[in-house]
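A short worksheet on the structure shown next.
Coordinate-derived values only; no laboratory data. Note that this is a predicted model, so its numbers are computed, not measured. So basically every Cβ, Gly included, is an ideal-geometry build from the backbone, and we count neighbours across all protein chains shown.
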Amino acid sequence: MSEQIKVLIVDDITSTLDNLQKLLSFEPDIQVVGTAANGKEGVEQAKKLVPDIVLMDVNMPIMDGIQATETLAQEVSGSPVIIMSVQGERDYLRRAMQSGAREFLIKPFSGDELIASIRRVYQLEQKKESFLAKTTTGAEKAPAAPPDGEAKQRGERGQVIFFYSGKGGVGKSLIAANLAVSMANETKGKVALVDLDLQFGDIGVLLNLDHSQGITDLIENIDHMDQEFIREIMVDGPFGIKVLLAPISPELADLVTVDHVRRIFGELRKMFDYIIVDSSAHLGEINLEVLDHADRVVVVTSLSIPAIKNTKLALKIFDSLSISPDRVVLLLNKSDAHSEFNKESVEANLRFPIAGQIPNDPKLVINSINRGNPFVTTHPESEISQRIRELVAKLLPTAAPAPEPEAAEKKPRKGLFARR
Ligand SMILES: Nc1ncnc2c1ncn2[C@@H]1O[C@H](COP(=O)(O)OP(=O)(O)OP(=O)(O)O)[C@@H](O)[C@H]1O
Ligand SMILES: [Mg+2]
């Protein structure tokens with residue numbers, strides 16, 4: 001696109017306004033279309049000019065930058081805001097993040113940082129708009145594209161193994177990644193690893209993968225998605241596993257809908273024997289969709305009160321959703337970590353049996369994470385790797401219970417998760 005990026009600058013210090021304007025005037029693809037001296041004026045100008053980017057100071061008279069950003073997010077949502085703040089305004093930053101700002105520049109910042117930030121936010125916005133335009137042209141309502149004749153047919157459905165925890169940071173991603181690799185090695189089956197931690201997925205980092213493509217590339221082309229295309233977008237991991245990575249930027253997570261996920265998993269099931277899914281702790285619609293259809297749900301917990309409390313809540317919700325306990329595999333991570341709890345006390349508290357235990361091995365784990373090499377490949381004889389192999393064995397279909405009836409027959413979840 002040869003059009004210039006239209007920028008509105010909002011700052012109460014005249015010399016800052018002048019400097020920024022001068023700096024940006026050297027960039028052929030950027031045009032400053034207006035300036036404002038406080039948040040209120042900034043909002044008025046933004047409504048009039050509808051800029052591509054608003055550069056917003058925080059501390060200003062009449063209306064501060066946070067309030068102005070909140071107003072803009074609601075009233076001029078096509079004008080993303082980059083906040084310019086001084087160090088020490090961390091609380092402001094948190095509020096700004098909640099108010100809808102896209103990026104933050106900490107003063108003093110360099111001209112290069114500013115320009116890169118403007119271009120980045122602009123490009124992401126363009127990408128987002130083009131995704132939205134495509135997905136609202138009726139594509140979402142269209143029936144799934146007929147499967148490409150050449151790519152399959154697998155007689156059976158692949159098994160979906162969904163990793164979940166009610167609390168973040170308990171080891172889901174680490175275990176899911178190592179399990180996927182171990183599963184491929186042990187079974188010689190076709191294994192997919194899907195990163196559904198859509199905002200902050202780190203499977204790519206854990207396996208040291210090139211993160212140039214992922215799930216957003218699939219949804220951008222959802223109507224033309226066939227198995228060949230899915231295979232192209234998935235990245236090669238160790239032992240032949242194929243990895244579907246999370247979006248490259250957290251804000252793109254919102255573009256992924258339940259319908260997209262349903263369609264993607266419909267194809268993955270035909271392509272792979274095992275589909276290992278990493279998730280975030282958030283029980284939103286997408287996680288619930290996969291949860292409903294997963295063959296096994298591995299709930300990861302650890303020996304801490306918050307983890308146990310949230311596991312208890314998660315198990316209670318599963319029960320309300322009629323997810324059979326037979327499908328749930330409760331896994332205690334860092335099971336030998338020093339704690340006033342142990343396996344038995346956790347089981348008693350949760351009233352649920354622990355099916356597997358993964359030892360605490362900080363040295364091996366940190367090394368493995370930092371190098372992006374799964375420990376099951378570098379240290380197959382370590383205890384932690386052996387426990388992962390045991391988990392593989394537990395998750396094989398022969399050990400699996402009969403699949404649940406279709407989700408449609410289950411309790412409606414609206415009551416629990418009614419939205420808006
Ligand atoms: N068995 C273990 N031994 C030693 N360290 C571990 C073990 N499991 C997890 N860790 C540590 O805990 C950290 C968090 O693990 P991981 O990122 O897999 O958690 P998560 O549940 O996916 O978190 P999030 O919810 O934030 O995605 C790891 O970076 C690692 O340092
Ligand atoms: Mg994770």
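Which length gain, in nm to one decimal place, applies between K316 and D112 when the Cα-Cα distance is subtracted from 0.36 nm times their residue separation?
So the chain would gain 68.3 nm between K316 and D112.
Could you list V328, V365 so that the one with the fewest beta carbons within 10 Å of its beta carbon is first and the one with the most is last?
The order, fewest Cβ neighbours first, is V365, V328.
How many percent of all Cα-Cα pairs in the range 150-417 sit more than 24 Å apart?
Result for the distance tail: 45 percent.
Under 17 Å from the Cα of K334, which aspartates and glutamates turn up, not counting those fewer than eight places away in the same chain?
Cα-Cα hits under 17 Å: E344, E347, D361, E383, E390.
Give, as ranges by residue number, the residues of the range 69-84 whose backbone N falls under 11 Å from the point 7 Å along Cα→Cβ of K47.
72, 75-76
So how much slack lies between L396 and S77, counting 0.36 nm per residue of separation and subtracting their Cα-Cα distance, in nm?
The span from L396 to S77 would gain 110.1 nm if fully extended.
Would you calculate the separation in nanometres between label points at T257 and D326, each defined as 7 Å from the Cα along the Cα-to-beta-carbon direction?
Placing both labels 7 Å beyond Cα along the Cβ direction yields 3.5 nm.
If neighbour count is taken as other Cβ atoms inside 10 Å, put D57, D18, D195 in order from fewest to most.
D18, D57, D195
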